[in-house]
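Peer 1: I have a structure here, written as structure tokens, and I will follow up with some questions on it.
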């Protein structure tokens, strides 16, 4: 650090400021940027530390947390935080960390409760971040503690009792010690010749066979031209579908799958089941609680024609103000066409 | 074979299907048939007709014959493609610089599309002046250029229990190496005036995951950059446009993209990505935390499962990359017999601190089976360990920081496979 000066005063915007003698890093000033306003810092500085710094005043109980959980979290994390599909498991896993298949949950692994509050508050629900109130975050944190058997069902979490909660695995983390433990082991003269008497193959990746097939334009064309695949699907389908487009749509639909299911075993999740959607009345999936604008549009006779779906998928919230679909929209027109064709392949049989 | 373009490298499966046909094509390429090589004797369209003009592609793209060179994801790895990862096609690359469009992506809330005019960088916490910068302000600070690798801590993480994915793109492709232009983070912190008790920095992104990591002040004041260019052009959206943090030699998750805030504090924050994730669970059930540095590592990129030997025996080029979060790579060793005998590889290209290095080993292949490995030595004297050496220290559940030696088995047809050996 070459630019350190023993500077006692400097000019900012014409005003003379006296810098405290405690300042160690008085360096060159460029007088760039401006002072942050307190309300600007408050808007962005939402982080919470293990010592409680940053925790807002608030409270929430397990029961309230469960209601919010079922509405906003359970579709991915399961009703009891047990996880769904490949979405994170948040409860259970106690005493598995040294086993062959450790289950790292909030209860079994996370060292600090502040991390739960901070993360839920800043990043959840997935796709609608920073939409929860402070009390809702307290309530959800309480419910997660309850689902991990760390607190009872009558528990209310507040900013006052927050630091009393002890996470079971808090003591089992230690700082990186690779420099002490591994560097000496691995910083040794390397053998260059006759290093071992024989070599055997002990494991082959081909046996596991989980490598994805390379996606290239050439391969896609090849797949679309496979007559066998077309016939197999064509037997099931009623309408004449563009199978290449359906295949492309299956890929494009992956971004929808975090909230929507299709097929025989589909369930309503964050979003409704999307079987029989194209050409049918909007808002018609049984058991799904639609937003009021969607219900109103359905009552007014909205049909999900390809045109309407295209408009909706291009800009969901622009198309329908107040829709529960918090997705930003599909950018590529060809992806929308492919998704619609894919959805057509899930019509009544 | 349904290949459209002669001379295009076949995909692995196409290769396995049609190894014989490839052999035939090779013969035509290297020795003139009775009527001569049609590549020479026939008039090609590009010999005769005019090509596109200078107004055809204002932003240039690779040749259509290179369409197979692309990032690739592994759908079963994650619940959805938004909080997910894809992989750099290392097997198709050479030199040390990763082209911007091929740099692997790892997002936790999708690609944020940030309007630079509406982007601000705030410094708050234990500073003399809490400051806000616009992008224009940022670009008025003195800037520097550095080439650094960025490796995800989970690179090779799927291989802890054994050989699993067939291709260095998948086993080692969570890495890229680009030249950054940016402002030393130190200058921004000095502008705000870090108080003496300010020992830690929290960096925060503007994306929907609100990504945050704690960084010790010593590192922040050392070599970190607040970067806005990669390889000379603006950061790509998927790499944090308009501005990202560069934390040389340290795990990629700390290189906060869409950087919007830097908070100075007296303690670490223990955020989700430094407690639940990016901590290394060891065999005894305890976990290392703050494992920031990336250990020395190397991999042979060709031949490899996606880049088989297609030319038959004779003169053969082995090439690969090596890097270390603790310095440079003065030396890489290569073995073709599974580690019985090693040969010092030839390093080529710039040797820069905390950057990728390129190595080559040329030899006359006799067509017999090969067990290929590379072994990096970094400037601290650390030698890349075998996977078994790592497992002896860390167990099988660590997920992160797998820098063990990779083995490719090459059969007499030139087909390569990911294996483990004794």
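Read-outs throughout are calculated quantities, based only on the coordinates presented, and are distinct from any laboratory measurement. Fair warning: this is a prediction, and the values are worked out from it, not measured in the lab. With ideal geometry, Cβ positions are generated from the backbone for all residues, glycine too; neighbour counts draw on all protein chains shown.
Peer 1: If we count other beta carbons within 10 Å of each Cβ, what is the order of A:202, A:96, fewest first?
Peer 2: A:202, A:96
Peer 1: In addition: Once you compute Rg and the Kirkwood Rh from C-alpha atoms, what is the Rg to Rh ratio for the protein assembly as shown? Walk me through the numbers on the way to the answer.
Peer 2: On the way: Rg = 28.2 Å, Rh = 28.9 Å.
My calculation puts Rg/Rh at 0.98.
Peer 1: Springs between alpha-carbon pairs under 10 angstrom, Gaussian network model over chain B: which of B:365, B:76, B:292 fluctuates most?
Peer 2: For chain B, modelled as a Gaussian network with Cα springs under 10 Å, the answer is B:76.
Peer 1: First measure r as the distance between the Cβ atoms of residue B:389 and residue B:277, then evaluate 1/(1 + (r/R0)^6) with R0 = 41 Å and state the FRET efficiency to the nearest 0.05.
Peer 2: The computed FRET efficiency comes out at 0.95.
Peer 1: Tell me the mean residue ellipticity at 222 nm calculated for chain B from its helices only (DSSP H runs of n ≥ 4, each -39500 (n - 2.57), averaged over every residue, nearest 500). Don't skip to the end; give the middle numbers.
Peer 2: Values: 9 runs with 57 residues, N = 422.
Calculated from helices alone, the mean residue ellipticity at 222 nm is -3000 deg cm²/dmol.
Peer 1: I've got another one for you. What's the FRET efficiency of residue A:51 with residue A:183 using the Cβ-Cβ distance as r and R₀ = 25 Å, to the nearest 0.05? Present the calculation step by step, with values, prior to reporting the outcome.
Peer 2: Numbers: r = 32 Å, r/R0 = 1.30.
Once rounded, the FRET efficiency stands at 0.15.
Peer 1: Compute the helix-to-body angle for B:19-30: its Cα long axis versus the longest principal axis of chain B, expressed 0 to 90° and rounded to tens.
Peer 2: 80 degrees
Peer 1: Which residue fluctuates the most in chain B, going by a Gaussian network model with Cα springs under 10 Å, if the choices are B:288, B:331, B:140?
Peer 2: B:140
Peer 1: A follow-up question, please. Within 10 Å of each Cβ of B:190-198, how many other protein chain Cβ atoms are there on average?
Peer 2: On the way: counts 9, 7, 5, 9, 4, 5, 5, 1, 2.
Partner-chain Cβ atoms within 10 Å, mean over residues of B:190-198: 5.
Peer 1: If each residue's Cβ is checked for other Cβ atoms within 10 Å, how do B:297, B:64, A:257, B:257 rank with the fewest at the top? Present the calculation step by step, with values, prior to reporting the outcome.
Peer 2: Details: B:297 29, B:64 10, A:257 16, B:257 26.
Fewest-to-most Cβ neighbours within 10 Å comes out as B:64, A:257, B:257, B:297.
Peer 1: By how many nm would the segment from residue B:34 to residue B:284 lengthen if fully extended, with 0.36 nm per residue of separation less the alpha-carbon distance? Write out the running numbers ahead of the final one.
Peer 2: Numbers: separation 250, 0.36 × 250 = 90.00 nm, distance 6.92 nm.
Gain in length upon complete extension: 83.1 nm.
Peer 1: With a 10 Å Cβ neighbour count serving as the proxy for reagent exposure, in which order, fewest first, do A:174, B:170 appear? Present the calculation step by step, with values, prior to reporting the outcome.
Peer 2: Details: A:174 12, B:170 27.
Taking fewest neighbouring Cβ atoms as first place, the list is A:174, B:170.
Peer 1: Please give, to one decimal in nm, the separation of the simple spin-label points placed at residue A:244 and residue A:161, each 7 Å out from Cα toward the Cβ.
Peer 2: A separation of 6.4 nm, rounded to one decimal place.
Peer 1: Can you classify region A:23-110 as rounded, prolate or oblate using the Cα gyration tensor, where a ≥ b ≥ c are the square roots of its eigenvalues, rounded means a/c under 1.5, and otherwise it's prolate if a/b beats b/c and oblate if not?
Peer 2: It is prolate, given that a/c is not under 1.5 and a/b is the larger ratio.
Peer 1: Further question on the same structure: Quick check: pseudo-label points 7 Å beyond the Cα along Cα→Cβ at residue B:369 and residue A:315, how many nm apart are they?
Peer 2: About 6.2 nm separates the two model spin labels.
Peer 1: Also, I was wondering about something else. Based on the Kirkwood radius over alpha-carbon pairs, what is the Stokes-Einstein translational diffusion coefficient of chain B at 10 °C with 1.306 mPa s viscosity, in µm²/s? Walk me through the numbers before you get to the answer.
Peer 2: Numbers: Rh = 23.3 Å.
Diffusion coefficient, whole number: 68 µm²/s.
Peer 1: In nm, give the distance between the simple-model label positions of residue A:95 and residue A:306, each being 7 Å from the Cα along the Cα-to-Cβ direction.
Peer 2: 6.0 nm
Peer 1: Report the residue, chosen from B:339, B:95, B:36, that carries the largest GNM mean-square fluctuation when chain B is represented by alpha-carbon nodes joined by springs under 10 Å.
Peer 2: Highest fluctuation among the options: B:36.
Peer 1: Separation of region B:350-405 and region A:34-112 by C-alpha centroid, Å?
Peer 2: 38 Å
Peer 1: If you stretched the chain out fully between residue A:191 and residue A:70, how much longer would it get, using 0.36 nm times the residue separation minus the C-alpha to C-alpha distance? Don't skip to the answer; put the middle values down first.
Peer 2: Values: separation 121, 0.36 × 121 = 43.56 nm, distance 5.94 nm.
Stretched out fully, the residue A:191 to residue A:70 stretch lengthens by 37.6 nm.
Peer 1: What shape does region B:297-419 have by the C-alpha gyration tensor, where a ≥ b ≥ c are the square roots of the eigenvalues, rounded means a/c under 1.5, and otherwise prolate means a/b greater than b/c and oblate the rest? Provide the component values of the computation, followed by the final result.
Peer 2: Details: a/c = 2.12, a/b = 1.35, b/c = 1.58.
In terms of gyration-tensor shape, oblate.
Peer 1: For region A:59-172, just say rounded, prolate or oblate: build the C-alpha gyration tensor, square-root its eigenvalues into a ≥ b ≥ c, call rounded for a/c under 1.5, and beyond that prolate if a/b exceeds b/c, oblate if not. Can you show the working numbers first?
Peer 2: Details: a/c = 1.67, a/b = 1.20, b/c = 1.39.
Taking the square roots of the gyration eigenvalues as a ≥ b ≥ c, region A:59-172 is oblate.
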